[in-house]
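Here the structure comes first, spelled out in structure tokens, and everything after it is commentary.
The values are calculated or read from the model by the stated rules, or taken from the named source; none is laboratory data. Because the structure is predicted, anything quoted here is derived from the model rather than measured. Virtual Cβ from ideal backbone geometry, glycine too; neighbours counted across all protein chains shown. Calculation scope for accessible area: heavy atoms of the full protein, side chains included, ligands and nucleic acids excluded. Shrake-Rupley method; radii C 1.70, N 1.55, O 1.52, S 1.80 Å.
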Amino acid sequence: MTPNMRTRGRLEALAACVSGVLFLLTLIWPDWIERAFGVDPDAHSGAAEWAVVAVALCATLVFSLLARGSYQRARALSPK
């Protein structure tokens, strides 16, 4: 297992965790965007929040699959 593969896998796992936290945060507390940034991008319709939820869910799934693939490649290449 090369250091590059190890770093890539860790970055993918970290990105999956960050996007997962963003997904859960927005799902549980939808108006955090308005409170954190002081703007209301969708005039209280909730569209921006649902867009963040959808994008964060997709990112979590993609990064999780990438991290899994990196782990499996590293495991296959490691000496037994």
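Here are the criteria: (1) open to solvent by less than 40 Å² (accessible area, probe 1.4 Å); (2) assigned to a helix (DSSP H, G or I). Tell me which single one Leu57 does not satisfy. Only one criterion in (1) open to solvent by less than 40 Å² (accessible area, probe 1.4 Å); (2) assigned to a helix (DSSP H, G or I) is unmet by Leu57, namely (1). Of all the criteria given as (1) part of a helix (DSSP H, G or I); (2) surrounded by 15 or more Cβ atoms within 10 Å (Cβ to Cβ); (3) not small (Gly, Ala, Ser), the one not satisfied by Pro30 is (1).
For the range 58-74, which positions are in contact (Cβ under 8 Å) with a residue 40 or more places away in the chain and over 9 Å from Ala16 (Cβ atoms)? Answer for the range 58-74, where residues must be in contact (Cβ under 8 Å) with a residue 40 or more places away in the chain and over 9 Å from Ala16 (Cβ atoms): Ser70, Tyr71, Arg73, Ala74.
Condition check for Leu24 on (1) farther than 26 Å from Ala76 by Cβ; (2) modelled with pLDDT under 95; (3) open to solvent by 80 Å² or more (accessible area, probe 1.4 Å): one failure, at (2).
Filter the range 47-66 down to residues that are out of contact with any helix residue (DSSP H, G or I) (no Cβ under 7 Å at 6 or more places or on another chain) and modelled with pLDDT under 95, then give me how many there are.
Qualifying residue count for the region: 3.
The set of residues in the range 35-63 that are among the small types (Gly, Ala, Ser) and touching a Ser or Thr at 6+ places or on another chain (Cβ under 9 Å) comprises Ala56, Ala59. Scanning the range 60-80 for residues that are open to solvent by 60 Å² or more (accessible area, probe 1.4 Å) and hydroxyl-bearing (Ser, Thr, Tyr) gives a single hit, Tyr71.
This table checks each residue for (1) modelled with pLDDT under 95; (2) more than 14 Å from Leu61 (Cβ to Cβ); (3) open to solvent by less than 80 Å² (accessible area, probe 1.4 Å); (4) among the aromatic types (Phe, Trp, Tyr).
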site: Arg8; (1), (2), (3), (4): yes, yes, no, no
site: Cys17; (1), (2), (3), (4): no, no, no, no
site: Gly20; (1), (2), (3), (4): no, no, yes, no
site: Glu34; (1), (2), (3), (4): yes, yes, yes, no
site: Asp40; (1), (2), (3), (4): yes, yes, yes, no
site: Ser45; (1), (2), (3), (4): yes, yes, no, no
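When the range 11-32 is filtered for residues that are over 13 Å from the mean Cα position of the chain (by Cα) and either of a type in the set (A, V, I, L, M, F, W, C) or within 16 Å of Arg68 (Cα to Cα) (or both), the ones remaining, listed by number, are Leu27, Ile28, Trp29, Trp32.
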